[in-house]
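Read the figures in this text as sums done on the coordinates, not as results from a lab. All values reported here derive from a predicted model rather than from experimental measurement. Cβ sites come from the backbone with ideal geometry, for glycine too, and all protein chains shown count toward neighbours.
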Amino acid sequence: MSEKPWDGRFAERTDTSVEAFTASIQTDKRLYPYDIEGSVAHCRMLAKVGVITDDEAGTLVEGLWRIKRELDQGQFQFDDSLEDIHMHIEARLLQEVGKVAQKLHTARSRNDQVALDTRMFLRDATRRIIDGLHTLRATLVAMAEKHIDVILPGYTHLQRAQPVLLAHHLLAYYEMFSRDADRFSDSLKRTDVMPLGAAALAGTTYPIDRHYTAELLHFRDVAANSMDAVADRDFILEFLSAASICMVHFSRLSEELVIWSSSEFRFIELADAFSTGSSIMPQKKNPDIPELIRGKTGRVFGDLMALLTLMKSLPLAYNRDMQEDKPPLFDAVDTLQGCLDITIKMLPTIRIKHDTMRLAASEGFLNATDMADYLVGQGVAFRSAHAIVGQCVAYALAQGKELHQLSLPELNGFSKVIQQDLFDHLTLERMIARRQSYGGTATDNVQSAIETAKKQLSGEGADS
Ligand code: ARG
């Protein structure tokens with residue numbers, strides 16, 4: 001009598017080191033809810049087309065649900081000799097319902113079964129990530145709204161450039177995470193395709209109804225080619241690509257939080273509950289969460305690279321190499337979900353230090369461009385205006401002053417067209433208010449961007 005579902009042709013027992021080496025159960029056991037749901041749908045389909053009787057299907061389905069409960073309650077015994085989650089459940093079903101269990105695997109192979117489970121897992125995971133991104137985006141919009149009057153320096157080359165609203169800066173991340181959510185929704189369309197019935201690779205001789213299975217499992221579509229259905233993992237690659245890009249965005253936000261919370265910047269203070277201390281330096285309060293998110297970005301890139309490398313040049317159709325797709329997939333899903341959850345909790349607890357931000361925006365000649373624009377308004381060509389303001393900056397630097405701290409006679413030494421109204425022109429509020437070009441930082445623009453974002457968010461909420 002065979003011990004393994006596949007060892008009929010084998011004269012020798014599998015070496016235990018081979019069992020340990022080939023087993024994936026410790027990784028793929030988390031697919032069990034999908035494996036069972038998929039098997040239940042498969043049974044119903046087999047009964048519908050008359051390959052098994054309704055009674056047999058009933059027995060199998062009840063047995064499968066009992067096994068599901070056992071797994072849910074953590075009472076299930078795992079064993080390397082049964083390789084993977086598919087064989088564990090099938091073997092357990094044999095103990096549970098007897099010989100009829102041997103009919104479950106009719107018109108099916110583990111090759112299409114694992115593709116099915118993985119797609120169902122990723123479909124759920126992607127939806128959860130899109131939901132998490134929705135909450136994160138709503139959090140950013142709420143912060144933007146709360147701090148609508150806060151001004152800070154905008155940077156290029158990490159050098160102070162021009163003043164911007166903090167709300168504008170936060171909404172830049174809203175845009176990035178919105179595109180991430182779009183990318184995940186798009187990849188979801190291609191994940192949501194039902195592979196079962198491809199069998200090992202060529203399809204099956206039984207009169208199965210794959211569309212019925214797809215309907216039972218709420219799939220959008222059915223894989224059109226049996227070889228493609230078992231051989232490709234591009235849906236995971238797409239997810240990992242979208243996850244990598246999303247992590248780039250997380251890493252940039254995190255980097256800014258690290259910089260902003262430093263003593264050099266003091267733009268924000270992280271809540272005690274979301275910081276950690278040092279075991280040697282009593283004064284330290286460290287931004288470990290954003291630092292770790294930055295670090296975890298590398299893991300997700302690694303996951304993408306691992307699967308690209310794994311899939312490269314594999315001949316059709318299924319190859320055992322592909323069992324190695326699950327560790328990077330699970331790692332990326334867990335890492336991204338973890339980053340999302342903690343960021344959503346951490347962001348609202350950040351204390352914004354308005355005064356330091358404002359002071360930083362008032363020092364360092366952030367109004368130089370606006371002074372040049374003023375001169376242009378007085379009829380000076382932009383290039384000459386640029387040169388005049390450059391001379392004023394050099395002069396002011398030597399005096400240890402800002403442009404707006406120079407006197408009118410001093411300024412007139414550089415250009416006669418400068419009048420008293422220049423000083424109003426150079427205030428932070430005026431500088432912000434003037435940037436009304438579409439997508440610019442003017443408060444009115446930012447306020448309507450907040451409204452647009454809120455509409456988008458509530459529209460998406462209604463859809464899902
Ligand atoms: N554990 C395998 C995997 O994850 C399932 C499919 C195995 N198929 C096979 N013919 N050995 O890919």
Normalised contact order of segment 377-442, rounded percent, pairs of Cα under 8 Å and 6 or more residues apart
21
Sequence-distant aspartates and glutamates (8 or more away, or on other chains) whose Cα lies within less than 12 Å of Lys312
Asp232, Asp234, Asp321
Calculated from backbone phi, Karplus (6.51, -1.76, 1.60) coupling profile of segment 312-320 in Hz, x at Gly/Pro:
4, 6, 5, x, 5, 10, 6, 9, 5
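Express the relative contact order of segment 107-214 as a whole percentage, based on alpha carbon pairs under 8 Å and six or more residues apart in sequence.
Relative contact order, segment 107-214: 44 percent.
With only Lys, Arg, Asp and Glu charged, each at its Cβ (+1 for the first two, -1 for the last two), find how big the charge dipole of the chain is about the Cα centre; round to the nearest 20 debye. It would help to have the intermediate numbers written out before the result.
Values: 51 positive and 65 negative charges, 182 e Å.
Using Cβ point charges on Lys, Arg, Asp and Glu, the chain gives about 880 debye.
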Looking at this model, which pairs from Lys285/Lys345; Lys189/Lys345; Lys68/Lys103; Lys296/Lys326 are more than 21 angstrom apart at the alpha-carbon?
Lys189/Lys345
Taking the chain as the reference, fit the longest principal axis to its C-alpha atoms, fit the long axis of helix 110-146 to the helix C-alpha atoms, and give the angle between the two in degrees, 0 to 90, nearest 10.
20
Measure off 7 Å from each Cα along the Cα-to-Cβ vector at Asp421 and Ile342, then give the distance between these two points in nanometres to one decimal.
5.4
What's the angle, to the nearest 10 degrees (0 to 90), between helix 368-377's Cα axis and the longest principal axis of the chain?
60
For the chain: relative contact order, % (alpha-carbon pairs under 8 angstrom, 6 or more apart)
15
Taking the Cα atoms only, what angle lies between the long axis of helix 326-346 and the longest principal axis of the chain, rounded to 10 degrees?
40
Selected from Gln113, Thr369, Gly413, residue furthest toward positive end of dipole (the chain; charges at beta carbon)
Gly413
Using Cα positions and a limit of under 12 Å, work out the aspartates and glutamates in reach of Lys454, with same-chain residues fewer than 8 apart set aside.
Glu145
Out of Thr156, Phe78, Phe184, whose Cα points farthest toward the positive end of the dipole of segment 70-184 (charges: +1 Lys, Arg; -1 Asp, Glu; placed on Cβ)?
Thr156
Counting only GluC sites (Glu not before Pro) that sit in a DSSP loop (anything but H, G, I, E, B) with at most 16 other Cβ atoms within 10 Å, what is the longest stretch of the chain containing none of them?
13-263
